[in-house]
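Have a look at the structure below, then the notes.
What follows draws every value from the coordinates through simple rules; no lab data is involved. The model shown is predicted, which means the values in this text are computed figures rather than measured ones. Here Cβ is always computed from backbone atoms with ideal geometry, including for glycine, and neighbour counts include all displayed protein chains.
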Amino acid sequence: MQHLYRRIYADPEFHELELKRGRFSWLLASIILIAYFSFILIIAFYPELFGNPIIEGSVITWGIPVALCVILLSFLLTGIYVYRANKEFDQLVDDVIEHAQKTDKDTVGE
């Protein structure tokens, strides 16, 4: 079994998968962190921006729908990651494992 793990780690496709998945994860994480911290910084330094009512005389301010959008953005980005992981990353993982198993069987058969 150790040979299989070594072959997987030595496979350039495995490192390509790691790189793609890592970049994509950091991209999505960066987007949500920027959105979240921007929201918090606006509340801290410009509270009047989100404190204005949506409609004159309403108790609902702009902060509520913006906060909901930040929450929905996190759900959306999670869904995008899951979709891409299921479509692209899982296929790449299967290819790497299949290639390593095939190579391992060829080596054992020699």
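Remarks
- Listing of helices (runs of 4 or more DSSP H) fully contained in region 30-110 that carry 1 or more residues being surrounded by 10 or more Cβ atoms within 10 Å (Cβ to Cβ) and touching a Ser or Thr at 6+ places or on another chain (Cβ under 9 Å): 47-51, 63-84
Quick grid of which residues meet (1) over 20 Å from GLU13 (Cα atoms); (2) more than 29 Å from the chain's Cα centre (by Cα):
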{"residue": "ILE55", "(1), (2)": "yes, yes"}
{"residue": "VAL59", "(1), (2)": "yes, yes"}
{"residue": "TRP62", "(1), (2)": "yes, no"}
{"residue": "GLU88", "(1), (2)": "no, no"}
{"residue": "THR103", "(1), (2)": "no, yes"}
